[in-house]
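Here's the structure we're looking at; comments come further down.
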Amino acid sequence: MKKKVIVAMSGGVDSSVAAYLMKEKGYEVIGITLKLFDGQEKLLTDAKRVADFLQIKWEMADYSEYFKDVISYFINTYRKGKTPNPCSFCNKNAKFSFLFNEMQKHDAEMIVTGHYARVVEFNGKKYIAKAFDPKKDQSYYLSLLDEFQVSLLYFPHGETTKEEVRKLAKNIGLSVAEKKDSQEVCFLMGKDYRTFLKEKIKANSFKKGYFLLNGKKIKEHDGIEFYTVGQRRGLKLNYHESLYVKKIDADSGNIYLGKKEEVFYRGVKLENCNFLDQNKRLFRAKAKIRYRMNSAPCQVEVQPDGKAFLLFDEPQFAPTPGQIATIYIDDRVVGGGFIAEVF
């Protein structure tokens with residue numbers, strides 16, 4: 001009897017090729033497309049079409065009622081003057097939990113996705129690791145997954161490139177071979193997040209206050225929900241030099257500005273952390289505080305209450321409360337957490 005796997009099929013080229021590769025390896029493949037929010041009809045249609053083409057089973061699994069928690073997290077984090085990381089939050093609290101349910105339902109032994117990442121074994125334990133293609137590596141967004149979740153995963157694209165995946169899709173005749181990559185935040189459906197927030201929050205309830213520079217009010221802003229630490233563009237300020245958002249005070253509604261050199265910090269406090277090696281309390285590592293950056297050397301101090309401190313060798317630009325810090329030893333993800341404070 002063939003071993004059974006489920007493949008999370010989003011309707012895009014990466015997950016479609018992942019399903020093809022697993023079938024070629026001899027697995028019984030069941031394509032699962034998660035319905036998470038309204039407006040996914042095109043994605044569902046594309047996924048079903050690919051599954052039919054590959055002659056594999058396919059199901060749509062409706063988790064939209066539960067996915068509302070992810071959207072609420074997204075909105076509420078902005079309301080608190082922080083910047084959410086919905087992909088990391090969703091991977092931990094929604095998507096892979098939903099896929100685990102489907103894996104059990106279908107009596108499958110593995111969850112397969114089109115992520116550009118790897119699962120590696122080190123000292124008898126499985127870890128997420130960086131993909132071979134640094135341009136597409138998505139390990140940053142998977143750092144909150146626990147040891148059990150990681151043990152169930154397989155990523156067929158961890159050792160290849162996007163160009164090779166598209167070439168294979170074209171060669172086997174997949175209808176999605178030239179389909180554009182999906183937006184980073186799926187439920188925005190291509191909208192600017194500010195437009196999305198305006199649709200979800202009453203116009204008179206945005207938390208307004210003032211832009212402050214060196215303790216002086218410059219002008220009133222539109223609401224803390226529309227700004228993020230490190231932001232320079234879109235401030236609509238008439239000033240003789242570039243200014244950056246340095247800090248957002250959710251209590252007063254004021255936004256503190258500074259020059260670029262004032263937005264660099266060496267220290268970061270993390271909360272709600274996930275560490276796969278529970279024995280290490282103080283160790284050297286590298287960390288990424290945003291997706292599009294190189295991992296930077298740092299000292300990690302793990303606290304017993306789900307918190308941790310990172311001290312970087314060199315100051316980092318705009319560590320942003322609410323975002324994720326992903327911690328690496330070599331290419332392995334050894335932990336991650338939400339940025340709570342900077343110093």
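The values are calculated or read from the model by the stated rules, or taken from the named source; none is laboratory data. Here the structure is a predicted model, which is why all the values come from computation and not from measurement. All Cβ positions, glycine included, derive from the backbone under ideal geometry; neighbour counts span all protein chains shown. Each accessible area value is taken on the protein alone, full model and side chains, heavy atoms only, with ligands, DNA and RNA left out. Shrake-Rupley method; radii C 1.70, N 1.55, O 1.52, S 1.80 Å.
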Handout entry: Size-normalised alpha-carbon gyration radius of the range 200-343, reference 2.2 N^0.38 Å
Key = 1.17
Problem - Long-range Cα-Cα pairs in the range 128-177 (distance over 17 Å), rounded percent - result: 46 percent
Problem - Dipole of the range 264-342, positive direction: furthest Cα of P304, F264, L282, with charges on the beta-carbon - result: F264
Fill in the blank from the handout: Scoring the range 112-165 by relative contact order with C-alpha pairs under 8 Å, at least six apart, yields a percentage of 45 percent
Practice task
Calculate, in nm to one decimal, what E65 and D222 gain on full extension: separation in residues at 0.36 nm each, minus their alpha carbon distance.
Solution key: 53.4 nm
Practice task
Report, to two decimal places, the Cα Rg of the range 122-264 normalised by 2.2 N^0.38 Å (N = number of residues).
Solution key: 1.50
Practice task
Please build a GNM for the chain, connecting alpha carbons under 10 Å apart, and tell me which residue among C273, C90, C186 fluctuates the most.
Solution key: C186
Practice task
Work out from phi, with θ = phi - 60° and the Karplus expression 6.51 cos²θ - 1.76 cosθ + 1.60, the ³J(HN,Hα) of each residue of the range 291-304, listed in order in whole Hz, and give x for Gly and Pro.
Solution key: 4, 8, 7, 7, 5, 10, x, 7, 9, 10, 10, 8, 9, x
Fill in the blank from the handout: Per the charge dipole of the range 4-188 (beta-carbon charges, Lys/Arg positive, Asp/Glu negative, Cα centre), the residue among A8, Q183, Y127 reaching farthest to the positive end is Q183
Completion exercise
So, relative contact order of the chain in percent, Cα under 8 Å, 6 or more apart, is 16 percent
Fill in the blank from the handout: Length gained if F283 through K35 is fully extended, taking 0.36 nm per residue and subtracting the Cα-Cα distance, is 85.2 nm
Practice task
Would you mind checking the tilt of helix 41-54 against the longest principal axis of the Cα atoms of the chain, expressed as 0 to 90 degrees and rounded to 10?
Solution key: 30 degrees
Handout entry: Folded to 0 to 90 degrees: helix 96-105 orientation relative to the chain principal axis, Cα
Key = 20 degrees
Completion exercise
Within the range 251-272, the residues whose backbone N lies under 12 Å from a label point placed 7 Å from the Cα of N238 along the Cα-to-Cβ direction are none
Exercise for the section: Mind listing the long-range amide H neighbours of F264? Cut-off is under 5 Å, sequence gap 5 or more, other chains count too, H placed in the peptide plane at 1.01 Å from N. Expected result: A318
Exercise for the section: Give me the aspartates and glutamates in straight-line cross-link reach of K57: C-alpha distance below 19 Å, same-chain residues under 8 apart excluded. Expected result: D14, E24, E28, E41, D46, E102, D107, E109
Fill in the blank from the handout: Surpassing 18 Å at the alpha-carbon level, of the pairs K247/K307; K236/K259; K35/K167; K92/K202, are K247/K307; K35/K167; K92/K202
Completion exercise
the chain, Kirkwood Rh and Cα Rg, ratio Rg/Rh at 0.99
Problem - Förster-model FRET efficiency, 22 Å R0, N272 and R292, C-beta, rounded to 0.05 - result: 0.45
Handout entry: Among G158, G124, G39, residue whose mean-square fluctuation peaks in a GNM of the chain (springs only between Cα atoms under 10 Å)
Key = G124
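To the nearest 20 debye, what charge dipole does the range 274-343 have about its Cα centre, counting +1 at the Cβ of each Lys and Arg and -1 at the Cβ of each Asp and Glu?
140 debye
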Completion exercise
A student asked for the Cα radius of gyration and Dmax of the range 196-270 in angstrom ought to give 13.0, 38
Handout entry: Cα lying deepest toward the dipole's positive end in the range 206-258, options L243, G223, N254, charges on Cβ
Key = L243
Practice task
With label points built 7 Å along Cα→Cβ from the Cα atoms of F317 and F264, find their separation and express it in nm.
Solution key: 1.1 nm
Completion exercise
For the range 264-342 the mean separation of alpha carbon contacts under 8 Å (6+ apart) over residue count, i.e. relative contact order in percent, is 43 percent
Practice task
Compute the accessible area per residue over the chain, keeping the other protein chains in place, probe 1.4 Å, unit Å².
Solution key: 50 Å²
Exercise for the section: Please determine, in degrees from 0 to 90 and to the nearest 10, the orientation of helix 13-24 with respect to the longest principal axis defined by the Cα atoms of the chain, where the helix direction is its Cα long axis. Expected result: 30 degrees
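Where the accessible area of the range 201-343 is counted over protein heavy atoms with a 1.4 Å probe, how much of it, in %, is carbon and sulfur?
After summing per-atom areas, the C and S share lands at 45 percent.
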Problem - Cβ-derived FRET efficiency at R0 56 Å, E109 paired with E301, nearest 0.05 - result: 0.90
Practice task
Quick one: pull the percentage of alpha-carbon pairs in the range 264-342 with a separation above 17 Å.
Solution key: 32 percent
Fill in the blank from the handout: With +1 at each Lys and Arg Cβ and -1 at each Asp and Glu Cβ, the charge dipole magnitude of the chain around its Cα centre, to the nearest 20 debye, comes out at 840 debye
Handout entry: Links that overshoot a 24 Å alpha carbon limit, given the list K246/K269; K42/K170; K25/K126; K135/K179
Key = none
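Which value, in Å to one decimal place, does the Kirkwood hydrodynamic radius take for the range 4-188 when every pair of different Cα atoms is included? If you can, show how the numbers build up before the last one.
Numbers: mean 1/r = 0.0595 Å⁻¹.
Result for the range 4-188, one decimal place: 16.8 Å.
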